[in-house]
1. Got a number for residues in segment 269-288 being more than 22 Å from residue 241 (Cα to Cα), touching a helix residue (DSSP H, G or I) at 6+ places or on another chain (Cβ under 6 Å) and either without any contact (Cβ under 8 Å) to a residue 40 or more places away in the chain or not assigned by TED's automatic domain parsing to the domain that holds residue 222 (or both)?
2. Does residue 266 qualify as being under 19 Å from residue 198 (Cα atoms), buried (at least 23 other Cβ atoms within 10 Å of the Cβ), at pLDDT 95 or above and touching a helix residue (DSSP H, G or I) at 6+ places or on another chain (Cβ under 9 Å)?
3. Could you say which residue among 144, 106 is closer than 21 Å to residue 81 by Cα and either modelled with pLDDT of 80 or more or not assigned by TED's automatic domain parsing to the domain that holds residue 71 (or both)?
4. Across segment 252-267, what is the number of residues that are free of Cβ contacts under 8 Å to residues at least 24 places away in the same chain and under 9 Å from the mean Cα position of the chain (by Cα)?
5. Kindly check whether there is at least one residue in segment 102-124 that is in contact with a strand residue (DSSP E or B) (Cβ under 7 Å, 6 or more places away or on another chain) and either surrounded by fewer than 23 Cβ atoms within 10 Å (Cβ to Cβ) or not in a helix (DSSP H, G or I) (or both).
6. On the basis of being over 24 Å from residue 151 (Cβ atoms) and either assigned by TED's automatic domain parsing to the domain that holds residue 279 or crowded, with 20+ Cβ neighbours inside 10 Å (or both), does residue 93 make the cut?
């Protein structure tokens, strides 16, 4: 027991029991923050490795560090995580490490595609892989060891009609002050490709936000079809949030910004749309708010996918064919009929 300096009023020099009780109650337990990085790659839990890889990638709950993210994604990928394989491919396909290695990116994306990760096939469709060769077990390369390699662009096969006719550009439809659902759907179909968004995603957000009511207003002053709060409306140049076209354009601009900000992670983008991007960063993922988690689930339900299935929702422009059909050359070469995830 700890002995205090001698005190005449307490000659035995011990803390009184009531003070000891206060001392033990007032001493907080050690905080459980970011685990030491050296311990993480040794984990055998792919979900934990993937989650901490995202924290280091986005810089939430951990310092932003692309090389540490690569190491954690790599450990998860080796344990069979298709999402980690996809994320490695995505990193190498861009200049996040200072260089772009499309050969290494395609190698990881192929592994993810074999594991039935649909978004990987979308990414692979950009390249012509007919002359390329890939190792079955790609490397995990950090930024210092990166080399720059490129693959030839895929040439889209466009079916030509027997008697081609000039196609007039579809004008953006006009809507009145209180457009009905059909008019709103037509307007979304026309505007969404300009924001690189799938119209079905935008329509799902509108259904959950306002149920297609252009005059909807929440108790937090969110307004219109996509429920823009005044600060967000100003941020994205919306002068009149009650104007359907302006409201849709502002909401789509914000959703596109969130998708770019969170590296295409639709779950995080939707959570940010509901709770704000700072809340997502602060909590290192979908915030633990009942409203926000319910919001993400409802949008997924309207889209007809599970919450986990949001990762495979294509957010690009409408009218672009799903990449890589069953008969494409690269699928015949890399995916045997018996391939399984």
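The values are calculated or read from the model by the stated rules, or taken from the named source; none is laboratory data. These numbers come from a predicted model, not from an experiment. In this analysis, Cβ positions are derived from the backbone assuming ideal geometry, glycine residues included, and neighbour counts consider all displayed protein chains.
1. 2
2. For residue 266, the condition - under 19 Å from residue 198 (Cα atoms), buried (at least 23 other Cβ atoms within 10 Å of the Cβ), at pLDDT 95 or above and touching a helix residue (DSSP H, G or I) at 6+ places or on another chain (Cβ under 9 Å) - is not met.
3. Residue meeting the stated conditions: 106.
4. So the answer is 3.
5. yes
6. Considered against the rule, which asks whether it is over 24 Å from residue 151 (Cβ atoms) and either assigned by TED's automatic domain parsing to the domain that holds residue 279 or crowded, with 20+ Cβ neighbours inside 10 Å (or both), residue 93 comes out as no.
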